[in-house]
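Asker: I'd like to ask some things about the structure below.
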Amino acid sequence: MYRSHNCGALRATDINKTVTLSGWVQKSRDKGFIIWTDLRDRYGVTQLIFDTERTEAKVIELAKTLGREFVIQVTGKVIERESKNTKIPTGEIEVLVAQLEVLNEAKLPPFTIEDDTDGGEDIRMKYRYLDIRRNPVKESLIFRSKVANEVRNYLADQEFIEVETPYLIKSTPEGARDFVVPSRMNEGEFYALPQSPQTFKQLLMVGGMDKYFQIVKCFRDEDLRADRQPEFTQIDCEMAFVEQEDILNIFEGLTKHLLKKLHNFEIENFPRMTFDHAMKTYGNDKPDIRFGMEFGELNTVAQHKDFKVFNSAELVVGIAVPNGASYTRKEIDKLIDWVKRPQVGALGMVYVKCNEDGTFKSSVDKFYDQEDLKNWAAATGAKAGDLICVLSGSTNKVRAQLSALRMELAERLGLRKPNEFAPLWVIDFPLLELDEETGHYHAMHHPFTSPKPGQLELLDTDPGAVKANAYDLVLNGNEIGGGSIRIHDKEIQATMFKHLGFTPEEAETQFGFLMDAFQYGAPPHGGLAFGLDRLVAILGGQETIRDFIAFPKNNSGRDVMIDAPAALDNEQLSELNIKLDIQ
Ligand code: ASP
């Protein structure tokens, strides 16, 4: 038996028990006649004591050789600690060691295995198994497991069935490139790894499974933006005989369940906001609604004076920054520099200080009088003491810029509190999105999403105006899930493919199997998928997903620990009938 207790278990009530513990040496303090060693495992840390009066000499000798991260087993008596440590649950006791066995020695780790480590990101990723021994990473992985369990509990209660779908498949269009796998047995042919199980879950509905879910890996070969992983995990769900409302209700329930179970946090408001409203009010389709600073459009009150910049703009829009009137000239200049950075891209920023005495002082006093500025304050909801920041330009750009400024200021002002949760649904998304470069429309969600009833005809005349039965779940300014009611009629699906620029032959080769299935009694259905990695990170009060993934890839999509991707040897290549043509 390696252990009678784990390293987090022993308390004052265990005093005088003889126990056996196994774990890793966190650190040892050798005072000559006494050695204290912190023994760590997944459950905690227990202090061991070896002393020359009470421990055999040969055990002391061995204890003196213990290095950091040695794996040891000890047997001894639980005794009361002289100086108690109130910071850890085992802090009242220590184990007076009688027997010690070194189960495995350890090389000196390349960084310290403590909460605040001296190891940089790269070295920690290379030795991820050591990083996982550290509390922050360990706790994150345990937390992830809890979230997944709670997801399963809730969905099982709602009679969802977990079904596994294949990984070696054909392309599914979620808008990224596929990762492909060559087939040895079918020369010259390739599988694609799923960007999502989308078509399979729809086929499960045709198969009558009714309520499906799966916690599943998905693969998307995208240029990696910060905090994206080429392989990631979805909570993928689909239901038959449902309307949008049914889906929103079930997954609102899941979100509340998770917040209650993991944070004892009760959600009272679960707003639904149209895409158009979100864009107008927050400049963003995933608004953080934990704080105000809503957009105030100023076209009617700021145009047609003598200020050319505003007159020629498609949109003039501002936000009120709480207590910003006290910013110094220098601070405001810094803010202007911030919005002018290439990542944000504004050409400039106009500001208005709303003084405590009810007067206004702006950077455009030449063009606007006090009455004008009062109207601006009314439109942006600015109060005495606030600062109004105003941007102008083409609608889409300006909204994105002001949204970036809103989030930045909220961050600086501490308004994005990690222990506060404000979920909402964003609904009524456009069905199609114009690709500015090619001039073509593509599906904003994916090609299986149904248009709103009665809007199919609009596809011919005003495709950009068609709204979809599509919805996103947003939490604290992050999109954590999205889905739609699907097309379940072969003809409509064919029309949709046509509008997306597929020839009938292309549609048939790529999705013939789905359209075939629709001819055999496909029920009305819909679903959604949550991104588990991000959901867990946000529920864990953080925004980076990496610590919640046991073995993540770096920004170039590499696993630096196992050194993948890697070249194949010639034998393997020829078995796969692949000839490389790399100079
Ligand atoms: N397959 C979609 C996605 O991965 C989710 C859905 O429509 O259910 O985003």
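Where a number appears in this text, it was derived from the coordinates with a stated rule and is not lab data. Computed from a predicted structure; not experimentally measured. Every residue, glycine as well, gets a Cβ built from its backbone with ideal geometry; the counts of neighbours run over all protein chains shown.
Asker: When the label point is put 7 Å from the Cα of LYS417 along its Cα-to-beta-carbon vector, which residues of the range 232-274 have a backbone N closer than 14 Å?
Answerer: Only 265-266 fall inside the zone, counting backbone N under 14 Å.
Asker: For the pair GLU56/ASN299, report the inter-label distance in nm, with labels modelled 7 Å from Cα in the Cβ direction.
Answerer: Here the answer is 8.8 nm between the modelled labels.
Asker: Ignoring solvent entirely, what values of log10 I(q)/I(0) come out of the Debye formula for the range 285-331 at 0.16, 0.17, 0.24, 0.27 Å⁻¹ when each Cα is a single scatterer?
Answerer: -0.66, -0.73, -0.93, -0.95
Asker: Ok, one more. For the chain, with the dipole built from +1 on Lys and Arg beta-carbon atoms and -1 on Asp and Glu ones, taken about the Cα centre, which of GLN214, TYR43, PRO230 lies farthest toward the positive end?
Answerer: TYR43
Asker: Which length gain, in nm to one decimal place, applies between THR395 and ASP460 when the Cα-Cα distance is subtracted from 0.36 nm times their residue separation?
Answerer: Result for the pair: 20.9 nm of gain on full extension.
Asker: Once the other residues with Cβ under 15 Å from the Cβ of PRO136 are scored (Lys, Arg +1; Asp, Glu -1), what is the net sum?
Answerer: 0
Asker: On to the next question. Whose amide H sits under 5 Å from the amide H of ILE480, counting only residues 5 or more places off or on another chain, with H placed in the peptide plane?
Answerer: Those qualifying (amide H under 5 Å, at least 5 residues apart or on another chain) are LEU473, VAL474, LEU475.
Asker: With Cβ to Cβ distances under 10 Å as the rule, what net charge do the other residues near ARG81 carry (K, R +1; D, E -1)?
Answerer: Net local charge, ARG81 excluded: -3.
Asker: What FRET efficiency would be calculated for the residue pair GLU268, ALA564, taking the C-beta separation as r and a Förster radius of 60 Å, to the nearest 0.05?
Answerer: The calculated FRET efficiency here is 0.80.
Asker: Could you quote the convex hull projected area for the range 417-565, Cα atoms only and averaged over all directions, in nm²?
Answerer: Hull-based average projected area comes out at 12.4 nm².
Asker: I want to verify the translational diffusion coefficient of the range 307-355 in µm²/s; compute it with Stokes-Einstein, Rh as the Kirkwood radius over Cα pairs, at 37 °C and 0.692 mPa s.
Answerer: 269
Asker: In addition: Within a 10 angstrom radius of the beta carbon, how do ARG29, ARG416 rank from fewest other beta carbons to most? List each step's numbers first, then the result.
Answerer: Values: ARG29 10, ARG416 16.
Least crowded to most crowded, the residues run ARG29, ARG416.
Asker: Also: Return the subset of LYS256/LYS417; LYS217/LYS553; LYS64/LYS107; LYS77/LYS138 for which the Cα-Cα distance in this structure is over 20 Å, preserving the input order.
Answerer: LYS77/LYS138, as the Cα separations exceed 20 Å there.
Asker: As I understand it, the dipole of the chain uses +1 on the Cβ of Lys and Arg and -1 on the Cβ of Asp and Glu, about the Cα centre. Which of SER145, GLY385, GLY188 lies farthest toward its positive end?
Answerer: Selected residue: GLY385.
Asker: To test your reading of the geometry: what angle, between 0 and 90 degrees and rounded to tens, separates the Cα axis of helix 329-340 from the longest principal axis of the chain?
Answerer: Long axis of 329-340 versus the principal axis of the chain: about 80 degrees.
Asker: Bin width 10 Å, alpha-carbon pairs only: give the P(r) of the chain as whole percents, running from 0 to the bin holding the largest distance.
Answerer: Once binned at 10 Å, the Cα pair distances of the chain give 3, 13, 19, 20, 19, 14, 9, 4, 1, 0.
Asker: Right, here's the next one. Straight-line reach from LYS498: which lysines have a Cα under 21 Å away, not including same-chain ones fewer than 8 places off?
Answerer: Straight-distance partners of LYS498: LYS170, LYS452, LYS467, LYS490.
Asker: What distance in nm separates the simple spin-label points at TYR2 and LYS138, each placed 7 Å from Cα in the Cβ direction?
Answerer: 1.4
Asker: Another question about this same structure. List LEU475, LEU459 from most exposed to least, where exposure is judged by having the fewest other Cβ atoms within 10 Å.
Answerer: LEU459, LEU475
Asker: How high is the FRET efficiency from ALA226 to THR18, r the C-beta distance, R0 45 Å, rounded to 0.05?
Answerer: Efficiency, rounded to the nearest 0.05: 0.30.
Asker: If amide hydrogens are placed 1.01 Å from N in the peptide plane, which non-local residues have theirs closer than 5 Å to the one on GLY44?
Answerer: CYS7, GLY8
Asker: Per the helix-only calculation at 222 nm, which mean residue ellipticity applies to the chain, given -39500 (n - 2.57) for every DSSP H run of n ≥ 4 and division by its residues, nearest 500 deg cm²/dmol? Spell out each step's value before the answer.
Answerer: Values: 17 runs with 168 residues, N = 583.
Computed mean residue ellipticity for the chain: -8500 deg cm²/dmol.
Asker: May I ask for the angle, rounded to the nearest 10°, between helix 370-380 and the longest principal axis of the chain, with both axes built from Cα atoms and the value confined to 0 to 90°?
Answerer: 60
Asker: Something else: Among 286-298, 552-564, how do they line up from the highest to the lowest mean number of other beta-carbon atoms within 10 Å?
Answerer: Listed from highest to lowest mean packing, they are 286-298, 552-564.
Asker: Please list 232-241, 182-191 highest first by mean number of surrounding beta-carbon atoms within 10 Å per residue.
Answerer: 232-241, 182-191
Asker: Given just the C-alpha atoms of the range 306-445, how large is their convex hull per residue in cubic angstrom?
Answerer: So the per-residue hull volume is 151 Å³.
Asker: Would you mind counting up the charge near GLU356? Only other residues with Cβ under 14 Å from its Cβ, with Lys and Arg at +1 and Asp and Glu at -1.
Answerer: Every neighbour counted, the sum reads +1.
Asker: Measure nothing fancy, just the Cα-based angle from helix 135-157's long axis to the longest principal axis of the chain, in degrees from 0 to 90, nearest 10.
Answerer: The angle comes out near 60 degrees.
Asker: Using just the C-alpha positions of the range 112-205 as equal point scatterers, what log10 of I(q)/I(0) does the Debye formula give at each q in 0.12, 0.17 1/Å?
Answerer: -0.73, -0.93
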